[in-house]
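The values are calculated or read from the model by the stated rules, or taken from the named source; none is laboratory data. Quick caveat, the model's predicted, so the values are computed rather than measured. For neighbour counting, all protein chains shown are included, and Cβ atoms are generated from backbone atoms with ideal geometry for every residue, glycine included. Accessible surface areas use protein heavy atoms only, side chains included; no ligands, DNA or RNA. Shrake-Rupley method; radii C 1.70, N 1.55, O 1.52, S 1.80 Å.
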Amino acid sequence: IVCHASSIHIEKKLKDLKITLPPPPQPKANYNIVCHASSNMLYISGHLPITNDGELLTGVVSGGGPAESDDGDGKSIEEGYAAARLAALNMISTMKEQLGDLDRVEQVVKVFGIVNSTVDFKSQHLVMDGCSDAIMEVFGKPVGYHARSAIGTNTLPLDASVEVEAIIQIKESE
């Protein structure tokens, strides 16, 4: 049985949700693309939580307690969640730039999230819900449903709180 989802107009949905995508990010190191398309798949490089004003959300997520970060204050799960949500919006902005039309997204296949966290922090999955929830909010069922991994690390580039990457299946050109 083949099921065809009715066309969701993602641009209208973003407007209805009052979501303004940040500008698509540019590479921060020695690589010249933020994603690679192969056949009907889009492989999106790691994206950081960068605001619409260009500010990078930084710091170690520790659940809100003391952490070894530049400001000496650990980020809460809620702050990590907000950072993961913002990283997702940055990825969606890259999708829009690469595809021209977000309605070309057939399926969000896989999301991989890395949380800059303390050794004793064990709630990376709750932080990464910020990314998954944003994807589901924008793309809905079934397009937004995805496999996901969430891990912790003791540091990320530029002291970012989170980094996310994704694999996206795109619709064949008609």
Whole number in Å², please: accessible area per residue of the chain, 1.4 Å probe, ligands, DNA and RNA not counted. 53 Å²
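Using a simple charge model, +1 on the beta-carbon of Lys and Arg, -1 on the beta-carbon of Asp and Glu, nothing else, what dipole does region 66-168 show about its Cα centre, in debye to the nearest 20?
Working: 8 positive and 17 negative charges, 101 e Å.
Using only the charged Cβ atoms, the result is roughly 480 debye.
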Residues whose modelled amide H sits under 5 Å from the amide H of Glu106, counting only those 5 or more places away in sequence or on another chain, are Gln169, Ile170, Lys171
Sequence-distant or interchain residues sharing an amide H contact under 5 Å with Cys35, placed H: which? Ser45
Once the Cα atoms of helix 124-139 and of the chain are each reduced to a long axis, what angle between those two axes, in degrees from 0 to 90 to the nearest 10, is obtained? 30 degrees
In sequence order, calculated HN-Hα J values of region 11-18 (Karplus, 6.51, -1.76, 1.60; Hz; x Gly/Pro): 4, 5, 4, 4, 5, 4, 7, 6
Listed residues Gly74, Ser62, Gly140: farthest to the positive end of the dipole of the chain (Cβ charges): Gly140
Project the alpha carbons of the chain onto their principal axes and report the range along each, largest first, in whole Å. 53, 35, 28
Long-range amide H partners of Val162, meaning residues 5 or more apart or on another chain whose placed amide H is closer than 5 Å, are Asn116
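Report, to the nearest whole %, how much of the accessible area of the chain belongs to carbon and sulfur atoms, 1.4 Å probe, protein only. Walk me through the numbers before you get to the answer.
On the way: 4800 of 9280 Å².
C and S atoms contribute 52 percent here.
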Which entries of Lys75/Lys110; Lys75/Lys141; Lys13/Lys110 have Cα-Cα distances beyond 29 Å here? Lys75/Lys141
With unit charges on the beta carbons (Lys and Arg positive, Asp and Glu negative) and the dipole taken about the Cα centre of the chain, which residue among Ile114, Leu89, Ala160 sits farthest to the positive side? Leu89
Can you list the HN-Hα couplings for region 89-103, worked out from phi with the Karplus curve (6.51, -1.76, 1.60; θ = phi - 60°), rounded to whole Hz and with x for Gly and Pro? 5, 5, 5, 5, 4, 5, 4, 4, 5, 6, 9, x, 9, 5, 5
Could you list log10 I(q)/I(0) for region 86-172 at q = 0.14 Å⁻¹, which the Debye formula gives when each Cα is one point scatterer? -0.48
